[in-house]
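Chemist: A single structure is presented below for examination.
The values are calculated or read from the model by the stated rules, or taken from the named source; none is laboratory data. In this text the structure is predicted, and so the values were computed from the model without any measurement. Here the Cβ is made from the backbone with ideal geometry for all residues, glycine too, and neighbour counts use every protein chain on show.
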Amino acid sequence: MSRTQTICILGGTGFIGRRIANHLANTAVHIRVLTRHRERNRHLLPIPNLELVEVNVHDTEALNEALTGADVVINLIAILNEDKKPGRRFEDIHVKLVEKILAACTATGVKRLLHMSSLGAAEDAPSRYQQTKAKGEQLALAANSTEMAVTVFKPSVVFGPNDSFLNTFANLLKVSPVMPLPTPNARFQPVFVDDVATAFIKVIDDADTFGKAYELGGPHVYTLETLVRYVAQLLGRRRLIIGLSDGLSKLQGKIMQHAPGKPYTYDNYLSAQVDNVCTENGLLILDIHPTALEAIAPDYIGGHSPRGRYDEWRRDAGRHG
């Protein structure tokens, strides 16, 4: 970055936002993280150049005030599942909030916007999650201009310590000897959270990235069943993993979406019908070497060293990939 800047992160207390903030720690930039619950996120305060601001981003006046003075805005706010509460529907978060953010950026003179979309987002995608993410992405890219430069990122599932992907399966495998697995053949290209954070920071002053969208993925593609079996191996647990048929996967989504916490929904099932795989990996375009899942996951799933079960995992991947 060429000069001291104020970077405002919406969704900065989440998994990816925290990594971006940590990458910017002790740099010349001023980090402004917006949160609805400041006290719950005081763990970010030790970052010396970080300001934690409590604000309701859905309040137009409050959002304008929070963005005032910001040079760069990073929008990471998204939900994987929706409910009927006001402000918690896909349309509210992925479309209407993006409209409010764009209006606030224009009103306060923000010159740079980095927006998080999702791999698989498309108007004709099967799930409402993907459809609404596509609408938000299109709104953001349409706002690119000489007054405000916009770049969009579309990652596959993001992994790393404290992720909600591999850790979710790890927690289930620890307590259940049998795992019925919906959409076992769904394909993913997991991307390391630090690579995603690096991409966001790297493009801030790069004019070649203005008005563009970048798909982000790791170096390998896996089926969901392969990934779950890998997690079981890292945990050292022998588990019966049963890949469900399409019909049973659909039924599980319709039933489980009514369970507390919505562990799996019909919309999740629909999302899995589209391969979560890059057509062109933006990390390579940005000269970022994608980090392999096998180099990171063993350290935070079960506390194994990367070498511990690597050969066994590769053999199993050959059988189930």
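Chemist: Of all residues in the stretch 96-121, which are more than 19 Å from Ala149 (Cα to Cα) and either in contact with a Ser or Thr (Cβ under 6 Å, 6 or more places away or on another chain) or touching a residue at least 24 places away in the same chain (Cβ under 8 Å) (or both)?
Modeler: Matches in the stretch 96-121: Ser118, Leu119, Gly120, Ala121.
Chemist: I'm trying to understand the selection: among the residues of the stretch 195-209, which are part of a helix (DSSP H, G or I), surrounded by fewer than 18 Cβ atoms within 10 Å (Cβ to Cβ) and touching a residue at least 12 places away in the same chain (Cβ under 8 Å)? If you could, list the steps in order and put the result at the bottom.
Modeler: Of the residues in the stretch 195-209, the ones part of a helix (DSSP H, G or I) are 195-202, 207-209.
Subsequent filtering for residues that are surrounded by fewer than 18 Cβ atoms within 10 Å (Cβ to Cβ) retains 202, 207-208.
Once the filter is applied, which keeps residues that are part of a helix (DSSP H, G or I), surrounded by fewer than 18 Cβ atoms within 10 Å (Cβ to Cβ) and touching a residue at least 12 places away in the same chain (Cβ under 8 Å), the stretch 195-209 yields Lys202, Ala207.
Chemist: Continuing with this model, one more query. Out of (1) crowded, with 21+ Cβ neighbours inside 10 Å; (2) among the charged types (D, E, K, R); (3) under 30 Å from Ile285 (Cβ atoms), what's the single condition that is false for Lys212?
Modeler: Among (1) crowded, with 21+ Cβ neighbours inside 10 Å; (2) among the charged types (D, E, K, R); (3) under 30 Å from Ile285 (Cβ atoms), Lys212 violates only (1).
Chemist: Any idea how many residues of the stretch 93-135 are crowded, with 22+ Cβ neighbours inside 10 Å, touching a Lys or Arg at 6+ places or on another chain (Cβ under 9 Å) and of a type in the set (Val, Ile, Thr)?
Modeler: Here the count works out to 2.
Chemist: Go through the stretch 35-80 and give me each residue that's in contact (Cβ under 8 Å) with a residue 60 or more places away in the chain and either out of contact with any Leu (no Cβ under 9 Å at 6 or more places or on another chain) or part of a helix (DSSP H, G or I) (or both). Quick ask: steps written out before the conclusion?
Modeler: Let us first name the residues in the stretch 35-80 that are in contact (Cβ under 8 Å) with a residue 60 or more places away in the chain, namely 69-78, 80.
Matches in the stretch 35-80: Gly69, Ala70, Asp71, Ala78, Leu80.
Chemist: In the stretch 214-321, which helices (runs of 4 or more DSSP H) lie fully inside it and hold 1 or more residues that are within 19 Å of Gly160 (Cβ to Cβ) and modelled with pLDDT of 95 or more? Walk me through how you get there before you give the answer.
Modeler: On the way: elements: 224-235, 246-256, 266-271, 282-285, 293-300, 310-320.
Result: 224-235, 282-285, 293-300.
Chemist: Sticking with this structure for a sec: From the residues in the stretch 7-34 that are outside any helix (DSSP H, G or I) and polar (S, T, N, Q), which one is nearest to Ser118 (Cα to Cα)? Before the answer, list the steps.
Modeler: Step one: filter the stretch 7-34 for residues outside any helix (DSSP H, G or I), giving 7-14, 25-34.
Going one step further and asking which of them are polar (S, T, N, Q), we end up with 13, 26-27.
Values: Thr13: 19, Asn26: 29, Thr27: 28 Å.
Residue satisfying both the conditions and the ranking: Thr13.
Chemist: Restricting to the stretch 288-302, name every residue that is of a type in the set (Ser, Thr, Tyr) and under 18 Å from Phe169 (Cα atoms).
Modeler: Tyr300
Chemist: Something else now. Kindly provide the set of residues from the stretch 189-214 that are in contact with a Phe, Trp or Tyr (Cβ under 6 Å, 6 or more places away or on another chain) and under 16 Å from Tyr230 (Cα atoms), ordered by number.
Modeler: Passing the criteria: only Pro190.
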